[in-house]
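Undergrad: Take this structure first; my questions come after.
The values are calculated or read from the model by the stated rules, or taken from the named source; none is laboratory data. Note that this is a predicted model, so its numbers are computed, not measured. Glycine also receives a Cβ, built like all others from the backbone with ideal geometry; neighbour counts cover every protein chain displayed. Side chains are part of the model used for accessible areas, which takes the heavy atoms of the whole protein and leaves out ligands, DNA and RNA. Shrake-Rupley method; radii C 1.70, N 1.55, O 1.52, S 1.80 Å.
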Amino acid sequence: VTNQNNLSKDTELVKKLKDPTLKDRAFSELLDVYQERLYWHIRKIVNTHENADDVLQNTFIRIYKSIANFQEKSSLHTWMYRIAYNESIRFLEKNKKKSYANIDEVAESNLEILFEDEYFDGDEIQRKLNTIISGFKEKQK
């Protein structure tokens, strides 16, 4: 019932978004409903808060500009997630600045980016890791 409810709400929202007189108000409603979910979807792909914010903004711009062309062959949710995914990949490709000699360099670079993120708590993760390692038997260490 909840899924059916969301589907009918999305269908109604799409109608409003396609109506030029209601588009801006409907877009504000769309932001309220989907902004956080799309943010976390994007964040998983681009890693940092700043990058996720940039990609999220680009995603919503693309959604706003493209809603009139939305053919409703998929759900609004699926369509927007696909746009978010494509924007994330586009962002990653555009920002490929380094070439890496091996997997260790990739891991090191990703760690640097992660530790620079103000929302990442490396100390907490280090404590958890140390707790797990201390639980290993001597042979496993």
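Undergrad: Ordering 88, 66, 28 by accessible area with a probe of 1.4 Å, largest first, what comes out?
TA: In descending accessible area the options line up as 28, 66, 88.
Undergrad: Still on this structure, I have one more. Which shape class, rounded, prolate or oblate, goes with the range 1-82 when its Cα gyration tensor gives a ≥ b ≥ c as root eigenvalues, a/c under 1.5 marks rounded, and past that a/b bigger than b/c marks prolate?
TA: Verdict is prolate for the range 1-82.
Undergrad: Can you tell me the length gained on complete extension of the stretch residue 74 to residue 93, counting 0.36 nm per residue apart and subtracting the Cα distance?
TA: Fully extending the segment from residue 74 to residue 93 adds 4.2 nm.
Undergrad: How high is the FRET efficiency between residue 44 and residue 19 when r is their beta carbon distance and R₀ equals 35 Å, given to the nearest 0.05?
TA: Rounded to the nearest 0.05, the efficiency is 0.55.
Undergrad: Using θ = phi - 60° and the Karplus form 6.51 cos²θ - 1.76 cosθ + 1.60, what ³J(HN,Hα) does each residue of the range 56-71 get, whole Hz, x for Gly and Pro?
TA: Taking θ as phi minus 60°, the curve returns 4, 4, 4, 4, 5, 5, 5, 4, 4, 6, 9, 4, 5, 8, 5, 8 Hz for the range 56-71.
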